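Below is one structure, written out as structure tokens; comments come after it.
The values are calculated or read from the model by the stated rules, or taken from the named source; none is laboratory data. Since the model is a prediction, treat every value here as computed from it, not as a measurement. Here Cβ is always computed from backbone atoms with ideal geometry, including for glycine, and neighbour counts include all displayed protein chains.
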Amino acid sequence: MTEQADVEFYWDPVCPWAWITSRWVAEVAKLRSLDVDWRFISLRLLNKDKNYETDFAEGYIAGHGSGLKLLRVAAAVREAEGRGRMGELYTQFGGDIHVHRRRKELTDHWEAGFPDYLASVGLAEYAAAANDEQWDAVLQAETDEALSRTGKDVGTPIISFNQGGSSYSFFGPVISRVPRGDEALRLWDAVWEIATFPGLAELKRSLREPPQLADSLD
């Protein structure tokens, strides 16, 4: 990794929209030889002041809670093994949740910190981190940093483009399918032009198709 990566991608493993966008970023990184720093943003910490019983549909506390605990594990791995492990780890967690249909395996055991799942993916030595709140300071700091770059009232994904000593950050793009090859590069170049225009504040539409998860892994 360079001192400042070409791209910083803030991820929570349980967000399907962030997952789809991350696979596009990974595709472009491969095609353009870009360094990506896979950083943390916690939806559970982002929504810590909300009432999960009234503000969210049933199941969100288990979903966001699972994301928080997986990020605690990721933070422990990063401290022990370095940032270079994060892309691989996100692919493991996100692939299991969104493609291999192991989400319920986590959410059913989220309060315990899903030790069986972590053992199954070779992370048994980090299992205690899932329920260790000391890692929340790290996750909160990165969540706050991500929001400081975009402003509040956003979620995941958040991306920063870094080039020539300047950083350009935004929420999104929220996409429902993973573009590959030339299509991925065309979208990347278009987003770059939008993101680096100094006067742009927002571009959004709320109509969207469901995320196409089945074919989101290479």
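Annotations for the structure displayed:
- Candidate set: the range 205-217, residues that are of a type outside the set (Ser, Thr, Tyr) and without any contact (Cβ under 8 Å) to a residue 12 or more places away in the chain; chosen: the one surrounded by the most Cβ atoms within 10 Å (Cβ to Cβ): Arg205
- Qualifying residues in the range 194-213 (those that are outside any helix (DSSP H, G or I) and hydrophobic (A, V, I, L, M, F, W, C)) - the one modelled with the highest pLDDT: Leu213
- Whichever residue in the range 52-99 is of a type in the set (A, V, I, L, M) and closer than 19 Å to Arg23 by Cβ and, among such residues, is surrounded by the fewest Cβ atoms within 10 Å (Cβ to Cβ): Val99
- Verdict on Asp49 being under 17 Å from Phe170 (Cα atoms) and among the acidic types (Asp, Glu): no
- In this structure, Arg78 qualifies as charged (D, E, K, R), closer than 22 Å to Glu133 by Cβ and assigned to a helix (DSSP H, G or I).
- Test: residue in the range 11-19 that is in contact with a strand residue (DSSP E or B) (Cβ under 7 Å, 6 or more places away or on another chain) and surrounded by 14 or more Cβ atoms within 10 Å (Cβ to Cβ): yes
- The number of residues in the range 113-151 being at positive phi, surrounded by 18 or more Cβ atoms within 10 Å (Cβ to Cβ) and either among the small types (Gly, Ala, Ser) or in a helix (DSSP H, G or I) (or both) comes to 1.
- Residues of the range 145-175 satisfying the condition of being within 15 Å of the chain's Cα centre (by Cα) and acidic (Asp, Glu): Glu145
- Residue match in the range 33-40 (condition: out of contact with any Leu (no Cβ under 7 Å at 6 or more places or on another chain) and assigned to a helix (DSSP H, G or I)): no
- Scanning the range 152-166 for residues that are assigned to a loop (DSSP other than H, G, I, E, B) and either under 19 Å from Leu68 (Cα atoms) or not small (Gly, Ala, Ser) (or both) turns up Lys152, Asp153, Val154, Gly155, Thr156, Pro157.
- Scanning the range 53-73 for residues that are part of a helix (DSSP H, G or I) and touching a residue at least 40 places away in the same chain (Cβ under 8 Å) gives Ala62, Gly63, His64, Gly65, Ser66, Gly67, Leu68, Lys69, Leu70, Leu71, Arg72, Val73.
- The lone exception for Val28 - which of (1) at pLDDT 95 or above; (2) farther than 19 Å from Asp144 by Cβ; (3) among the hydrophobic types (A, V, I, L, M, F, W, C); (4) outside any helix (DSSP H, G or I) it fails: (4)
- Whichever residue in the range 92-107 is assigned to a helix (DSSP H, G or I) and in contact (Cβ under 8 Å) with a residue 40 or more places away in the chain and, among such residues, is farthest from Ile61 (Cα to Cα): Gly95
- Of the numbered criteria (1) more than 19 Å from Leu43 (Cα to Cα); (2) outside any strand (DSSP E or B), the one Trp110 fails is (1).
- Of all the residues in the range 167-193, those that are touching a residue at least 12 places away in the same chain (Cβ under 8 Å), more than 17 Å from Thr156 (Cβ to Cβ) and not in a loop (DSSP other than H, G, I, E, B) number 8.
- Any hit, the range 28-45, residues being charged (D, E, K, R), under 20 Å from Lys152 (Cβ atoms) and buried (at least 19 other Cβ atoms within 10 Å of the Cβ): yes
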